[in-house]
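Comments concern the structure below.
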Amino acid sequence: MTVWAIVPIKPLNRAKSRLAPVLTTEQRERLALGMLLHNLKVLTATPVIKGVLVISRDMKALASAREILGVQTLQESGTPELNNALRRAARMLLSWGASATLILPADVPLVAQTDIEQMVHMGRFRNTLVIAPDQVKDGSNAIFSRPPNLIDFAFGVGSYERHIKAAQLVGAEVHTYESDRLALDVDTAEDLRNYYALAEQLGEKPVEYFEIPLPQ
């Protein structure tokens, strides 16, 4: 099985707008870039991942991903829409010989190699979808799809149930992967506090957003 990861990220200057009450624009950009680079480091160090593709409209984020981690990048074009961009990326990976893909948004900052390995293992058979939901089982914080174009992706509010139904409609096997690490994404001030608290509990160093150099 040849597994590629897809990591979408919004333009840095628009990232994490809901954190505006507690972080400046520059701090939000640094946080978004730091989380992206952290996830890319985890993915590129995980043997079951053949390659990594970052998709974004932000040329600076894409350049940082290429120059710092050496991953592949795809610049979004046309009307901004995450799910269309993911479908385009999945088709590209199929043409590159990928038999499965792991979609991991950049703002899920506590992902570990064990999470990736277990999701891949759960999806080891063809026509399988593995979903890691958010804390309230509303959104999808990570998806493993074999093959990459198994379903039309439907990220957004309520996507956990939409992805399950989409997989069932094509007769695919569906698994839920529950993980405190993957259930946490950072959008609000409360999320940010929870991120730092859980990182401390796990004995991990969180992204120090004030130390991340922004690309020029």
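Some points to look at:
Residues checked against (1) over 15 Å from the mean Cα position of the chain (by Cα); (2) at negative phi:
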position	(1), (2)
131	no, yes
136	yes, yes
149	yes, yes
152	yes, yes
158	yes, no
165	yes, yes
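- The one condition in (1) over 24 Å from residue 38 (Cα atoms); (2) surrounded by fewer than 20 Cβ atoms within 10 Å (Cβ to Cβ) that residue 159 fails to fulfil: (2)
- Only one of 31, 102, 74, 23 that is assigned to a strand (DSSP E or B) and at pLDDT below 95: 74
- Every residue from the stretch 152-179 that is in contact with a helix residue (DSSP H, G or I) (Cβ under 7 Å, 6 or more places away or on another chain) and acidic (Asp, Glu): 152
- Criterion (among the small types (Gly, Ala, Ser) and free of Cβ contacts under 8 Å to residues at least 12 places away in the same chain) met by exactly one of 142, 154, 197: 197
- Hey, residue 132 free of Cβ contacts under 8 Å to residues at least 60 places away in the same chain, small (Gly, Ala, Ser), crowded, with 23+ Cβ neighbours inside 10 Å and in contact with a strand residue (DSSP E or B) (Cβ under 7 Å, 6 or more places away or on another chain) or not: yes
- Residue 120 vs. criteria at pLDDT 95 or above, assigned to a helix (DSSP H, G or I) and either in contact with a strand residue (DSSP E or B) (Cβ under 6 Å, 6 or more places away or on another chain) or aliphatic (A, V, I, L, M) (or both): yes
- Under the condition of being of a type in the set (D, E, K, R), part of a helix (DSSP H, G or I) and closer than 25 Å to residue 112 by Cβ, the residues counted in the stretch 1-20 number 0.
- Any hit, the stretch 88-109, residues being surrounded by 17 or more Cβ atoms within 10 Å (Cβ to Cβ) and among the charged types (D, E, K, R): yes
The values are calculated or read from the model by the stated rules, or taken from the named source; none is laboratory data. None of these values were measured; they are calculated from a predicted model. Cβ: placed from backbone, ideal geometry, glycine included. Neighbour counts: every protein chain shown.
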